Amino acid sequence: MTLTLDAARVAAAINVVLLLGLISIWVRNYREIRSPMTLGSIVFATLLLAENGLALYYYTLASIPLSAPAVRAMMYLQLLEAVGIAVLTYVTWQ
């Protein structure tokens, strides 16, 4: 269970860092071009940032018991999100 929880923590932390980078790039781009697509990307990334921040909080600071199946399922989702956000970050910086 500890390895699963550690993987979930690391994935959530990576997601937070990558999303902060993406949001900063998209805010800068939005100021220049005022595109609705860019604004939608900012809103979407902000919601993902809130979700990952909350997950990171529960993985590290919350005193509630975390059941094994729920943590394992969230870990897989966090890992998939990390891959997707990493690809999006790579494409954005190219």
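The values are calculated or read from the model by the stated rules, or taken from the named source; none is laboratory data. Fair warning: this is a prediction, and the values are worked out from it, not measured in the lab. To get the accessible areas, we keep the full protein, side chains included, count just its heavy atoms, and leave off ligands, DNA and RNA. Shrake-Rupley method; radii C 1.70, N 1.55, O 1.52, S 1.80 Å.
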Of the residues in region 41-70 that are among the hydroxyl-bearing types (Ser, Thr, Tyr) and in a helix (DSSP H, G or I), the one that is farthest from Val10 (Cα to Cα) is Ser41
Selection from region 9-40 of residues of a type in the set (D, E, K, R), part of a helix (DSSP H, G or I) and open to solvent by 80 Å² or more (accessible area, probe 1.4 Å) yields Arg28, Arg31, Glu32
